[in-house]
Amino acid sequence: MYDELDPEIAALLANESSMPSKTSIEDVMEDDDSFTKSKDGVSEVDLSIREFKPITEFFSSTPSDVFDDSNYYKTALTGENSSAQGLHTLLTKYLTCQDPKDRTVYRQQMVNKYWEFIRSLAPKMGDLGLPKCKRMLMRFGVVLPSLFTDQQKDLFASVFYENRTGEPIYYLDEWFQEIASGRIGISATDEARPARKSGSPTEEAAHLMQLKSKNSGKLQNAENLLSSKESQRSMVEAELTSRVEQICRHDMLIGLGNHKAPYTDTQKRMFSEITERLRLLSKIDREIRGYLAEFQDAKQISDSLEVKISTAPTNIEVNTSEINTEVDTVRQMAKMTVGRQGNHFPIFTREYYHCTPRGTGFRENVVDTMAWIESIDPGAFCRIHKNVSNRIVPFVILVPTYGDTGFCWEPFDRYNRITSRGRIAIPMYPKDLKIALLTAVADLRWQVAKEKASYYWMEEGLTGQYYQWIVSQKLKGDVKDFFIDDYVLWMTKESDGVQRLDKEVRGIFWRHMPFAQDVKEKLKTRSLVYQELYQRDLNRAMSDGY
C-alpha cells in the first residue's frame, strides 16, 4: 500500500531509544494558545433556546499548522506508558509489511494496542497545556500526519478547534476534558461505578455536581411552567381587558341629548364571558403560586450549591478509575458505530477515509445536519413533562471511526429525567453523515418514548402502537431496528411526498412524530394520502382531542 517506509517511522527506527517510554508531561509541553477551553455553560440546558443557530462558517480561513510539525508523531507518543511503544512497533510493522495476511493480523492487533494508548492519554485531557498533537490524535485518530493526502491535511487543518456553536457537541478530547473536570458525569453502564475515597475532594465535588444535576431539573422545569402560566395569564388578562372595554363603550342616542344607549345583546353576552375568564384567572393564579413556591425552593437550593461548588477546591485530582471506565464506554461506542462486520481500524489513514468535507463528522457539519432534522421533525429533541414540551439537545460524542451508524447511549441522566441531556454517539467518517445522525435521533426518540410509557411501552403511545403493528405483521427481529429503518424513510422519503411506509405506520408517525407545519402544508397538496392525514389533524383540533 505504501511504496516506501514512512520517513517519520524510518527516523524513529534509526534510534528507537530516542522515544522514551516514560517522560513527564512538562518535558514535552508546548505553549499553544490556539486550543481554547470549551465555553462554560455549554453542558447546561437552556430551555429558552428554540432552535440551532445557523452555521455561517464551516471551516476556518486560517488553518492550523499542527499537522506540519515534524515532531508531531514523536510528541504525540512521548510521555505515555508502554502502550505508546507497543503502538509504535505495531504501526511500523503494519506500514512496512508486504504480506497481505500479516498486514491483516497487524491491523487487528493494532485495535487493542491503540485503545490501551488512549487509556493512558485520556486522563491528561484535563490539562489545558497538553501538546496540541496529543489532542488531535485523540480527536481525529491522527497518529501520523503523513498518512494524510495533501488535500486531507489541508481539510483537517482548517477545522475549527474551539466550540463556536454553543451546542453540546464534543470531540473525544473535549469529552474527556469535561469528564475529568467533573462538569459532565461518566456515561451510564451496567457495572457499579468505582468507589472513591471517602471524604476526598473528588468525592465531595462529585456529590455536589450530582445534587446540582438533580436540582437543575426541578429548577428549570418549575421556571418553565411558571413562565408558561404567566404567559397564559397575560393572554387571559388581555382578553378580559378587551371585553371590559367593549362593555364600557356606548353609542350616543340621536335626538336624546347626551344620553347613551343601554347594553346591547352582544355586550350582555360578554358578562358571562368575563365571569368565565375571572374564574380562569383565579385558577391560573393558584397554579402560579404553586409553581412560584417550587421555583423559589429550587432556586434557594441552587444558590446554596453554587456557593459550595465555588468554594470547593479547584485543583481536584482526576479520578483515573472513572476516566478508564469512560474510555471503556467510548470504545464500546466506537464498536457500535462500526458494527460487527465493519472496519474497526482505529487510526486515521487515507486508504479508509472517503468522506467529502461536508460529509465528515466535524462539529459544524453535525450541527447543520441536526438543524435540518429539527426543521422536518420539530419534536426530535423535545421531551414532554406536565404537558409542557422541553427542547433538550442531547450530548453528541463525535467518535473518530469508519462506522455508518449513530445511536443513543442513554436518553437522559438517571438523576434528572426532566431536563437532563441524553447522549448520542456519531461516527466521524461515515458513508453518509445524514443517515448516521438520523439513526441516532431515531434511537433517541424510541428510547425517550419507551421510558415515558414505562411498563406499558408495548401498549401505549408511539412505541405501543408501533409494537402492535410489528406483531400484527408477524415480523421477526428487534422492534427498535425496524423503527429506526422506518424513521429514516420517514425523514428522507415521506417528508418529500415519496410514499415508502406502510399506511398504518405512516399514520402512527404522523400522529406521534408530526412533521413541521410547513412540511404538512406542502404534503397535503402532493397526495390524497397526506391530505387525509392533514384533515385528521384539523378534526382532532376541532374536537380538542389532539
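The values are calculated or read from the model by the stated rules, or taken from the named source; none is laboratory data. Keep in mind it's a predicted model, so treat the numbers as computed, not measured. Cβ placement follows ideal geometry from the backbone for every residue including glycine, while neighbour counts extend to all protein chains displayed. What goes into the accessible areas is simple: the full protein's heavy atoms, side chains included, and nothing from ligands, DNA or RNA. Shrake-Rupley method; radii C 1.70, N 1.55, O 1.52, S 1.80 Å.
Expressed in whole Å with the largest first, what are the equivalent ellipsoid semi-axes of segment 95-179 derived from the C-alpha gyration tensor as the square root of 5 times each eigenvalue?
27, 18, 11
Lys/Arg Cβ at +1, Asp/Glu Cβ at -1, dipole of segment 463-518 taken about the Cα centre: which of TRP469, VAL498, ILE508 is farthest positive-ward?
Selected residue: TRP469.
Efficiency by 1/(1 + (r/R0)^6): what FRET value for ASP65 and VAL307, r their Cβ-Cβ distance, R0 = 51 Å, to the nearest 0.05?
Given R0 = 51 Å and the Cβ-Cβ separation, E is 0.70.
Viscosity 1.306 mPa s, temperature 10 °C: give me the Stokes-Einstein translational D for segment 212-363 in µm²/s, with Rh taken as the Kirkwood radius over C-alpha pairs.
Result for D is 68 µm²/s.
Near the amide H of ASP413, under 5 Å away, which other amide H atoms are found, from residues 5 or more places off or on another chain, if H is placed in the peptide plane?
Amide H neighbours of ASP413, under 5 Å, 5+ apart: SER420, ARG421.
State, to one decimal in nm², a quarter of the convex hull surface area for the C-alpha atoms of segment 381-464, i.e. the direction-averaged projected area.
5.7
Counting only Cα atoms, I'd like the Rg/Rh figure for the chain, Kirkwood definition for Rh.
Computed over Cα atoms, the ratio is 1.07.
What ranking of ILE301, ILE254 comes out by heavy-atom accessible area, probe 1.4 Å, highest first?
Result, largest first: ILE254, ILE301.
Excluding VAL142 itself, what net charge comes from residues whose Cβ is under 12 Å from its Cβ, given Lys and Arg +1 and Asp and Glu -1?
In short, +4.
Of the GluC sites (Glu not before Pro) in segment 399-465, which ones lie in a loop per DSSP and count no more than 16 other C-beta atoms within 10 Å?
Within segment 399-465, the qualifying GluC sites (Glu not before Pro) (loop, at most 16 other Cβ atoms within 10 Å) are GLU459, GLU460.
Show me 92-100, 393-401, 175-183 ranked by packing, highest mean number of other Cβ atoms within 10 Å first.
393-401, 175-183, 92-100
Test of understanding: express the Cα radius of gyration of segment 359-504 as a ratio to 2.2 N^0.38 Å, with N the residue count.
In units of the 2.2 N^0.38 Å rule of thumb, it is 1.04.
In whole Å, what three semi-axes, largest first, describe the equivalent ellipsoid of segment 443-546 built from its Cα gyration tensor (square root of 5 times each eigenvalue)?
23, 17, 12
Projecting each Cα onto the charge dipole of the chain (Lys/Arg +1, Asp/Glu -1 at the beta carbon, about the Cα centre), which of GLN531, TYR429, GLN267 comes out farthest on the positive side?
Value: GLN267.
To the nearest 10 degrees, how steeply does helix 461-472 sit against the main Cα axis of the chain, on a 0 to 90 scale?
70
List, in order, the whole-Hz ³J(HN,Hα) value for each residue of segment 513-522 obtained from phi through the Karplus relation with A = 6.51, B = -1.76, C = 1.60 and θ = phi - 60°; use x for Gly and Pro.
Per residue, the Karplus-derived 3J(HN,Hα) values read 9, x, 5, 4, 4, 5, 5, 4, 4, 5 Hz.
Please identify every one of the chymotrypsin sites (Phe, Trp or Tyr not before Pro) in segment 246-301 that sits in a loop by DSSP and has no more than 15 other beta carbons within 10 Å of its own beta carbon.
Filter output for segment 246-301: TYR263.
Rounding to the nearest 20 debye, state how big the charge dipole of segment 218-257 is about its Cα centre with +1 on each Lys and Arg Cβ and -1 on each Asp and Glu Cβ.
140
Helix 100-121 against the longest principal axis of the chain: what's the angle in degrees, Cα atoms only, rounded to the nearest 10?
60
To the nearest 500 deg cm²/dmol, what mean residue ellipticity at 222 nm is calculated for the chain from DSSP H runs of n ≥ 4 alone, each contributing -39,500 (n - 2.57), summed and divided by the residues?
Mean residue ellipticity, 222 nm, calculated: -17500 deg cm²/dmol.
Give me the accessible area of GLU57, 1.4 Å probe, in Å² rounded to the nearest 10.
In the full protein context, GLU57 sits at about 80 Å².
Taking the Cα centre of the chain as origin, sum charge times position over the Cβ atoms of Lys and Arg (+1) and Asp and Glu (-1), and report the length of that vector in debye to the nearest 20.
So the dipole magnitude of the chain works out to roughly 2120 debye.
Tally the DSSP beta bridges in segment 317-461 and give the antiparallel ones as a percent, rounded to 5.
Taking every DSSP beta bridge within segment 317-461, about 60 percent pair in antiparallel fashion.
Multiply the residue gap between LYS335 and LYS386 by 0.36 nm, knock off their C-alpha separation, and tell me the result in nm, one decimal place.
14.6 nm
Working only with C-alpha atoms, what are the Rg and Dmax values of segment 229-311, expressed in angstrom?
For segment 229-311, the Cα-based Rg and Dmax read 22.6, 81 Å.
Antiparallel as a % of all DSSP beta bridges within the chain, to the nearest 5?
In the chain, DSSP labels about 55 percent of beta bridges as antiparallel.
Express in Å², to the nearest 10, the accessible area of LYS212 obtained by rolling a 1.4 Å probe over the protein heavy atoms while all chains stay in place.
Counting only protein heavy atoms, LYS212 exposes about 50 Å² to solvent.
Tilt of helix 82-96 relative to the longest C-alpha principal axis of the chain, in degrees (0 to 90, nearest 10)?
The two axes meet at around 80 degrees.
Keeping all protein chains in the complex and leaving out DNA, RNA and ligands, what accessible area do you get for LYS480 with a 1.4 Å probe, in Å² to the nearest 10?
50
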